[in-house]
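Encoded as structure tokens, the structure appears first; notes follow it.
The values are calculated or read from the model by the stated rules, or taken from the named source; none is laboratory data. Everything quoted here is computed from the prediction, not taken from an experiment. Ideal geometry is used to build each Cβ from the backbone, glycine not excepted, and the neighbour counts take in all protein chains shown.
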Amino acid sequence: MNRDRVLAIARRQSYALWRAPQRWFDVVVWPVVDAVLFGSIGVYFGRQTDGAAAGAAFLLAGIILFHVVFQAEISVATGFLEETWSRNLLNLMVTPMTELEYGAGTALFGLAKLVMGVGFVSLVALAFYAFNITSLGLALIPLVAILIIVGWAVALIVIGLIMRFGQGAEILTWGFIALLLPLSGIFYPVDALPAALQPIALALPTTHVFAATHALVDGEPLPWGEVGIAAIGAVVLSLFSVWFFTRMFSLFRKRGYISRHV
């Protein structure tokens, strides 16, 4: 893998972000809105039970970690979409750059966007609600790592679908994440979901990450059983996403679907 090509992709996407203010919405505006919305809901309901601080902490911890998977997925998926919007995809395909180099460059810049997005939501939580996510300790490290892997895996599935079905599938970039929000039990236990949805929720690695987060917020030790289930689920999802992306990319080349994006 050529390091210069990887860095070139990361720099190109950074230029696109700086030159287009509207693309800061996912990085700045959405995190701030989510922090204020769910933090205020937590304070309100907490006051009804004399536990305002605890209620806000519960919701804020969930939304901050949700933005980890959100930013990881959105950054990689929109990195690919940027090439379709600018009609640059054909140019990339005739360069010596490999798919792995392109993916690595996109993921590298995506990590920078992730740090910015999660940083903004964390700063709002600290400034407005006196909640410091780092108070949960080093136990956050494996949880964040799993969420990043899940985000990247979902992004590969989205990119594969866009290659197969064209730009009409772009809505899935945000649609899949919107589905993860309620199904992952970010703000409530799985048994609060309708019975028909509970098996689906339990199959998601994100559900077990947030179950572990709830335990940390309650002052309990990190439940390694939940972390293990989440890690296994993330690996399975990653293997499927790589297979799916590879399959869709093969069809993309073979059937000439590039014509949909130029």
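A few points about this structure:
- Some residue of region 190-203 being touching a residue at least 60 places away in the same chain (Cβ under 8 Å), in contact with a helix residue (DSSP H, G or I) (Cβ under 7 Å, 6 or more places away or on another chain), in a helix (DSSP H, G or I) and of a type in the set (S, T, N, Q): no
- Region 217-248: number of residues that are in contact (Cβ under 8 Å) with a residue 60 or more places away in the chain, hydrophobic (A, V, I, L, M, F, W, C) and surrounded by 17 or more Cβ atoms within 10 Å (Cβ to Cβ): 10
- Restricting VAL76, VAL27, VAL33, VAL43 to those that are part of a helix (DSSP H, G or I), under 14 Å from VAL118 (Cβ atoms), modelled with pLDDT of 75 or more and β-branched (Val, Ile, Thr) reduces the list to VAL27.
- Against the test of being in contact with a Gly (Cβ under 6 Å, 6 or more places away or on another chain), of a type outside the set (A, V, I, L, M) and either over 30 Å from THR84 (Cα atoms) or part of a helix (DSSP H, G or I) (or both), the options PHE210, PHE240, PHE176, PHE252 yield a single qualifying residue, PHE210.
- Residue that is farthest from LEU89 (Cα to Cα), among those in region 164-203 that are buried (at least 17 other Cβ atoms within 10 Å of the Cβ) and among the β-branched types (Val, Ile, Thr): VAL190
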